[in-house]
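Below is one structure, written out as structure tokens; comments come after it.
The values are calculated or read from the model by the stated rules, or taken from the named source; none is laboratory data. Because the structure is a prediction, the values reported are computed rather than measured. Ideal geometry is used to build each Cβ from the backbone, glycine not excepted, and the neighbour counts take in all protein chains shown. To get the accessible areas, we keep the full protein, side chains included, count just its heavy atoms, and leave off ligands, DNA and RNA. Shrake-Rupley method; radii C 1.70, N 1.55, O 1.52, S 1.80 Å.
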Amino acid sequence: MDKTNGNKILWIILAVVLVADVMDMLDLTVTNIAAPSISQSLNGGQMLMQWLGAAYALAMGVFLIIGGRLGDKYGQRKLFLIGIAGFTVSSLSCGLSINPTMIIISRLAQGAFGAMMIPQGMAIMAENFPRDMLTKAFAFFGPIISISMVLGPIFAGFLINADILHTSWRSIFLINVFLGFSGFIIAYRVLPKNNGDRSINLDFLGSGFLGGTMFFLLYGLIEGSNNGWSTISLFSIGMGTLFLCLFSWRQTTATHPLIKPSLFKNQGFTAGLTLGLVYFAVVSGLNYIISIFLQLGLGASPFEASLGMSPLAIGVIISSIIAPRLINKLGREVISIGLLTTAAGLFLFYVFINQAVTITLWSLFPSIFIIGFGMGFCIGTLFDFAIGDISPDEAGSASGSLSAAQQLSGSIGIAAITSVFFLSTRSEGFVYSMLLSLILIIVAIAVCFAIVRFLPQKRGEAQH
């Protein structure tokens with residue numbers, strides 16, 4: 001094969017990997033807008049709205065680390081093909097769902113197969129791309145993933161409004177059938193074969209403990225906010241805490257733990273992991289409740305709500321372009337700037353809906369833009385500082401752990417913040433619920449600001 005054709009195939013591989021990542025980010029965020037429509041259509045109530053976002057992130061986070069290890073053991077090509085095929089079929093199942101149980105199970109399956117698919121792309125590229133081309137390829141990921149994340153809800157609003165073939169919200173899942181089928185055919189033809197290393201050991205027990213932790217915590221939060229803090233919800237949260245202790249114990253005793261214990265001796269990684277857990281919980285929960293507030297509180301249609309969220313996307317895109325130019329000069333202070341800007345936008349949002357006689361979508365644009373502008377400084381840079389001085393042999397475990405933390409914290413954030421939001425909507429109304437949620441989020445942002453002090457001042461600085 002000549003060099004020109006070889007490079008062409010490598011660029012096709014990059015395109016396939018990017019399509020997989022875009023599908024993941026779109027499906028993580030589209031329910032921000034679609035949740036009320038889906039819940040109304042399937043008679044699922046507020047519990048379904050809470051589970052739609054949490055289920056996907058839960059399954060993705062639990063299986064993400066083990067998904068990467070499965071690729072190492074059985075071959076990245078094989079796991080990528082299984083992942084994209086399963087993701088496509090489960091997307092079809094979401095689009096054809098006839099009741100809440102079916103769509104929640106389908107969302108869990110989407111997340112699980114996505115966790116098999118996503119880690120393989122990076123590994124395939126790292127193994128087969130020349131160093132100079134790998135650098136160029138990675139440059140595409142940050143902007144495309146960030147844009148996919150913020151444009152997902154807008155895209156969902158457009159599809160629901162278009163009502164293609166009278167499919168309403170179902171089209172946001174059915175479009176994955178076309179993308180996934182096309183991606184599978186191309187991937188089957190171009191991805192290099194890899195047999196993996198069968199000697200690699202997998203910690204299924206640790207994965208089980210992590211899964212139990214997340215399931216019981218999420219179920220307890222969602223059940224408690226819907227049906228009162230009964231014995232069942234409190235017992236579930238207690239079980240989640242027990243499984244968390246078992247997971248922590250397993251990580252210190254397992255021969256091949258999911259997260260290398262040596263990583264926690266690195267202050268930068270530990271601070272970055274903690275900051276990521278809090279921050280991405282806040283971001284996921286905030287995006288979700290703003291969309292619900294616009295639709296259920298202000299009576300906006302899904303398309304109108306997607307337009308109302310567009311300033312958030314614009315703000316993220318603009319600051320994502322600015323942030324890389326400032327990192328070398330300001331270091332970790334870029335994240336501090338982002339957090340302060342986000343807090344300013346949240347405060348403006350709070351003041352306006354608390355004092356305004358009439359609240360409209362357009363009147364909320366400035367505060368939503370400022371919130372997004374602050375997010376853009378954090379989303380693409382936070383983990384850069386966490387893994388900047390990680391040794392090469394720890395890089396895989398570190399990046400997998402951080403990605404899983406992002407997904408898991410997203411599910412916790414959606415469950416926790418929507419629990420607070422729905423707790424008082426029946427008695428106090430949507431404006432009061434939104435104000436209460438904003439106070440909680442501002443407090444969480446203040447916690448994030450304190451944690452930033454423990455990150456390395458500059459990327460790549462060792463802190464142990």
Restricting attention to the range 408-421, the residues that are under 19 Å from I33 (Cα atoms) and open to solvent by less than 20 Å² (accessible area, probe 1.4 Å) number exactly 9
Of the residues in the range 357-372, those that are without any contact (Cβ under 8 Å) to a residue 60 or more places away in the chain and either open to solvent by 30 Å² or more (accessible area, probe 1.4 Å) or aromatic (F, W, Y) (or both) come to V357, T358, W362, S363, F365, P366, F369, I370
Kindly provide the set of residues from the range 77-93 that are under 22 Å from the mean Cα position of the chain (by Cα) and not hydrophobic (A, V, I, L, M, F, W, C), ordered by number. G83, G86, T88, S90, S91, S93
Residue ID - surrounded by the most Cβ atoms within 10 Å (Cβ to Cβ), chosen from residues in the range 94-105 that are without any contact (Cβ under 8 Å) to a residue 60 or more places away in the chain and under 21 Å from the mean Cα position of the chain (by Cα): I104
Of the residues S367, S403, S363, which is touching a helix residue (DSSP H, G or I) at 6+ places or on another chain (Cβ under 9 Å), modelled with pLDDT under 80, part of a helix (DSSP H, G or I) and small (G, A, S)? S403
Per the filter on the range 196-213, residues touching a Lys or Arg at 6+ places or on another chain (Cβ under 6 Å), in a helix (DSSP H, G or I) and of a type in the set (G, A, S) are G206
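So that you can scan it fast, the table gives a plain yes or no per residue for (1) hydroxyl-bearing (S, T, Y); (2) touching a Cys at 6+ places or on another chain (Cβ under 6 Å); (3) more than 26 Å from G220 (Cβ to Cβ):
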site: V16; (1), (2), (3): no, no, yes
site: A20; (1), (2), (3): no, no, yes
site: T29; (1), (2), (3): yes, no, no
site: I33; (1), (2), (3): no, no, yes
site: S37; (1), (2), (3): yes, no, yes
site: Q46; (1), (2), (3): no, no, no
site: A55; (1), (2), (3): no, no, no
site: G61; (1), (2), (3): no, no, no
site: I82; (1), (2), (3): no, no, yes
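What do you reckon, is L218 buried (at least 18 other Cβ atoms within 10 Å of the Cβ), under 22 Å from the mean Cα position of the chain (by Cα), modelled with pLDDT under 85 and farther than 27 Å from V150 by Cα?
no
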K193 meets each of (1) on the phi < 0 side of the Ramachandran plot; (2) part of a helix (DSSP H, G or I); (3) open to solvent by 50 Å² or more (accessible area, probe 1.4 Å) with one exception, condition (2)
Is the range 422-437 home to any residue that is of a type in the set (S, T, N, Q) and at pLDDT 85 or above? yes
Among (1) open to solvent by 20 Å² or more (accessible area, probe 1.4 Å); (2) under 29 Å from G380 (Cα atoms); (3) at pLDDT 85 or above, K136 falls short only on (3)
Within the range 445-460, can you find the residues that are part of a helix (DSSP H, G or I) and open to solvent by 20 Å² or more (accessible area, probe 1.4 Å)? A446, V447, F449, A450, I451
All positions within the range 422-444 that are open to solvent by less than 50 Å² (accessible area, probe 1.4 Å) and of a type in the set (S, T, Y): S424, T425, S433, S437
Can you confirm whether L217 is more than 16 Å from G95 (Cβ to Cβ), of a type in the set (A, V, I, L, M, F, W, C) and not in a helix (DSSP H, G or I)? no
In the range 336-380, what residues are among the β-branched types (V, I, T) and closer than 19 Å to M149 by Cα? T342, I368, I370, I371, I379
Any residue in the range 66-84 that is under 25 Å from L151 (Cα atoms), of a type outside the set (K, R) and open to solvent by 10 Å² or more (accessible area, probe 1.4 Å)? no
Any residue at all in the range 327-344 that is open to solvent by less than 10 Å² (accessible area, probe 1.4 Å), more than 30 Å from T270 (Cβ to Cβ) and at pLDDT 90 or above? no
Would you pick out the residues in the range 196-208 that are of a type in the set (D, E, K, R) and open to solvent by 80 Å² or more (accessible area, probe 1.4 Å)? R198
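Hey, among G315, G268, G285, G308, which residue is closer than 30 Å to L202 by Cα, out of contact with any strand residue (DSSP E or B) (no Cβ under 7 Å at 6 or more places or on another chain) and open to solvent by less than 30 Å² (accessible area, probe 1.4 Å)? Even if it seems obvious, please write down each step before you answer.
Numbers: G315 fails: closer than 30 Å to L202 by Cα; G285 fails: closer than 30 Å to L202 by Cα; G308 fails: closer than 30 Å to L202 by Cα.
Among G315, G268, G285, G308, only G268 is closer than 30 Å to L202 by Cα, out of contact with any strand residue (DSSP E or B) (no Cβ under 7 Å at 6 or more places or on another chain) and open to solvent by less than 30 Å² (accessible area, probe 1.4 Å).
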